[in-house]
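Read-outs: derived from the displayed coordinates by stated rules, not from any lab. Note that the structure is predicted; figures quoted are calculated from it, not measured. Heads up, the Cβs are rebuilt from the backbone with ideal geometry, glycines too, and the neighbour counts pull from every protein chain shown.
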Amino acid sequence: MSRTVVTFGTFDVFHVGHLRILERARSHGDRLVVGVSTDALNIAKKGRPPVYSQQERMEIVAALRCVDATFYEESLELKGQYLRQYAADVLVMGDDWAGRFDQYGDTCEVVYLPRTPAISTTEVIEKIRD
Ligand code: C2G
């Protein structure tokens, strides 16, 4: 039986850390569905919009070979609903979220993967700025 993996993220100023987690997430099943957080969710969470718009971020993620489908993540609280809607067998997140989504363990398997060290959107922005 085919296994669906679901993961979430902003994927702003797309970098190799993003690519690697998506490729590794995909290897936990046969199909990878990615929830791309909306601009409004980022403004609510971080007080500023991402550099790239939600349409641009989704277009980049959707074009990747390891990604089968995408949707917009409108709210962090809807995670359980999204996991059921997209029939997740596995939820994969980076370990910066370790423990934060354990409550969805009754809906699907929950896996946290180590982040790629020494790269982040913030660091890329700072490097360009300097
Ligand atoms: N990531 C990684 N290595 C990095 C940077 C990021 O593995 N060097 C992973 C994160 O752990 C996350 C994914 O890439 O699983 C997306 O990261 P962000 O775009 O920073 O996503 P975030 O803003 O944490 O949004 O519902 C949860 C949120 O939507 C997650």
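Spot the failing condition for Lys46; the list is (1) within 12 Å of the ligand (Cβ to nearest atom); (2) in contact (Cβ under 8 Å) with a residue 24 or more places away in the chain, and only one is missed.
All conditions are met except number (2).
Search region 26-38 for residues being of a type in the set (Ser, Thr, Tyr) and part of a loop (DSSP other than H, G, I, E, B), and hand back the single one that is surrounded by the fewest Cβ atoms within 10 Å (Cβ to Cβ).
Ser27
Hey, any hits in region 39-52 for a residue that's charged (D, E, K, R), assigned to a loop (DSSP other than H, G, I, E, B) and over 20 Å from Arg3 (Cα atoms)? Talk me through it step by step, then tell me what you get.
From region 39-52, those charged (D, E, K, R) are 39, 45-46, 48; that's our starting set.
Restricting the remaining residues to those that are assigned to a loop (DSSP other than H, G, I, E, B) gives 48.
In the following step, the residues that additionally are over 20 Å from Arg3 (Cα atoms) were identified as 48.
Yes, that holds for at least one residue.
Taking the condition away from the ligand (no atom under 12 Å from the Cβ) and closer than 22 Å to Met1 by Cβ, does Val90 pass?
Yes, satisfied.
Name the one entry in Glu23, Glu123, Glu59, Glu73 that is within 12 Å of the ligand (Cβ to nearest atom), acidic (Asp, Glu) and loosely packed, with under 14 Cβ neighbours inside 10 Å. If you could, list the steps in order and put the result at the bottom.
Values: Glu23 fails: loosely packed, with under 14 Cβ neighbours inside 10 Å; Glu59 fails: within 12 Å of the ligand (Cβ to nearest atom); Glu73 fails: loosely packed, with under 14 Cβ neighbours inside 10 Å.
Only one candidate passes the filter, namely Glu123.
Find the residue count for region 2-20, including only residues that are among the β-branched types (Val, Ile, Thr), near the ligand (Cβ under 9 Å from one of its atoms) and touching a strand residue (DSSP E or B) at 6+ places or on another chain (Cβ under 6 Å).
Selection size over region 2-20: 2.
Mind listing whichever residues of region 92-130 are among the basic types (Lys, Arg) and without any contact (Cβ under 8 Å) to a residue 40 or more places away in the chain?
Arg100, Lys127, Arg129
Hey, any hits in region 108-120 for a residue that's more than 18 Å from Arg24 (Cβ to Cβ) and either of a type outside the set (Phe, Trp, Tyr) or assigned to a loop (DSSP other than H, G, I, E, B) (or both)?
no
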